[in-house]
1. Which residue pairs have Cβ atoms closer than 8 Å, lie 6 or more positions apart in sequence or on different chains, and pair a first residue in the range 65-92 that is in contact (Cβ under 8 Å) with a residue 40 or more places away in the chain with a second residue that is among the polar types (S, T, N, Q) and part of a helix (DSSP H, G or I)?
2. Return the residues of the range 1-45 that are at pLDDT 95 or above and of a type in the set (Gly, Ala, Ser); say none if nothing qualifies.
3. Give the residues of the range 208-257 that are among the small types (Gly, Ala, Ser), more than 10 Å from the ligand (Cβ to nearest atom) and either farther than 19 Å from Tyr268 by Cα or not assigned by TED's automatic domain parsing to the domain that holds Ala271 (or both), sorted by residue number.
4. Just give me the residues in the range 170-195 being surrounded by 21 or more Cβ atoms within 10 Å (Cβ to Cβ) and either at pLDDT below 95 or part of a helix (DSSP H, G or I) (or both), in sequence order.
5. Can you tell which of Glu93, Glu80 is at pLDDT 95 or above, closer than 19 Å to Asp45 by Cα and surrounded by fewer than 17 Cβ atoms within 10 Å (Cβ to Cβ)?
Amino acid sequence: MEITEKILDGKQLAALFHRAIQNRVDKLSAEKGRPPGLAVILVGDNPASRAYVKTKGKVAKKCGFKTFDYNFPAGVSQQELLSAIHECNRTDEVDGILLQLPLPEGLNSEEALSAINPSKDADGLHPLNQGLLMRGKPPVYPCTPFGVMKLIDLAFSGVALAPELDPLELKEADLSGKHAVIVGRSILVGKPQIFLLLEHNATVSIAHSRTANLKELCSKADILIAAAGVPGLIGAEHIKQGAVVIDVGINRLEDGTLTGDVDFESAYLKASKITPVPGGVGPMTVAMLMHNTLSLWERRVSS
Ligand code: NDP
């Protein structure tokens, strides 16, 4: 795909985050005595989860982190999984813990996520941190909605996505007067997205499978975030001329290709900015995992 100014290139923005994080780690780890540590827990052999964990481990190393890998077979007991989480909680060198979801059937992910020490919650999915998000004060943000906000910050910044950009210094967009519509109300994406958008002063609507007149609602959005997991759900008719369109969806078609929730070709013609799939929100989710781990490390080593 040709990268034009209209395309919000998550892959490139993520690469700039990795570089900026690595620079910060290089600068601080000698002073602090150790680099950030990220524990990655994978259960079972779901190919998509394996691929995500591999990427996350690779990027973590690129950022200068020490990684701690825990790989369990699908048949692991809840107790063994909880023991591994408790071990990570106790290990001083571990600053962030990532439990790759979904867990195989029979395991209780709510209990496992709640067992993570909230101050090591690299994914921002601990119930305490999700509650603090509502009050505008979490130590970390859930990675996917956080990545979406960074893309929105870039879209409204007027700043070019150039190699000299330090994304850690990117100013938060002030979305006063803007109407943002989120399609999808999951705990992973849609719900936390509401609070992040509110913190940026947007007026927020959220749609889901029971929403009437999806098209009418979406077509009023200055910022449209599609996170439904339905290929092609959002077409040009859902998009207001000049809207910023963020496609969170990652759907694998029968022929193996990956596609988003937005019909990219037609949406591109109406959007002012739009994320591609792949190469949009996906890489930003990984970059925000690194960002969160960096923040947790900085808090721990300076406290
Ligand atoms: P969920 O299945 O948990 O939630 C989907 C949401 O979309 C639900 O709230 C559902 O409504 C709503 N929905 C489904 N169909 C429609 C419809 N026809 N019209 C309006 N709303 C609809 O999915 P996730 O939030 O976990 O993921 C959503 C998508 O984002 C998936 O494609 C997933 O792969 C992708 N994803 C991408 C990430 C990334 O890094 N890029 C990270 C996480 C997810 P209801 O609640 O009523 O059922």
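The values are calculated or read from the model by the stated rules, or taken from the named source; none is laboratory data. Note that the structure is predicted; figures quoted are calculated from it, not measured. Counting neighbours? That spans all protein chains shown, and the Cβs are built from the backbone with ideal geometry, glycine included.
1. Note: pairs meeting the criteria are Phe65/Thr293.
2. Result: Gly10, Ala14, Ala15, Ala20, Gly37, Ala39, Gly44.
3. Selection gives Ala212, Gly256.
4. Residues satisfying the conditions are Gly190, Pro192, Gln193.
5. Step by step, each of Glu93, Glu80 is checked, and only Glu80 is at pLDDT 95 or above, closer than 19 Å to Asp45 by Cα and surrounded by fewer than 17 Cβ atoms within 10 Å (Cβ to Cβ).
Residues checked against (1) more than 9 Å from the ligand (Cβ to nearest atom); (2) over 23 Å from Ala122 (Cβ atoms); (3) of a type in the set (Lys, Arg); (4) in contact with a Lys or Arg (Cβ under 8 Å, 6 or more places away or on another chain):
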| site | (1), (2), (3), (4) |
| --- | --- |
| Leu188 | no, no, no, no |
| Gln193 | yes, no, no, no |
| Glu199 | yes, no, no, no |
| Ile206 | no, yes, no, yes |
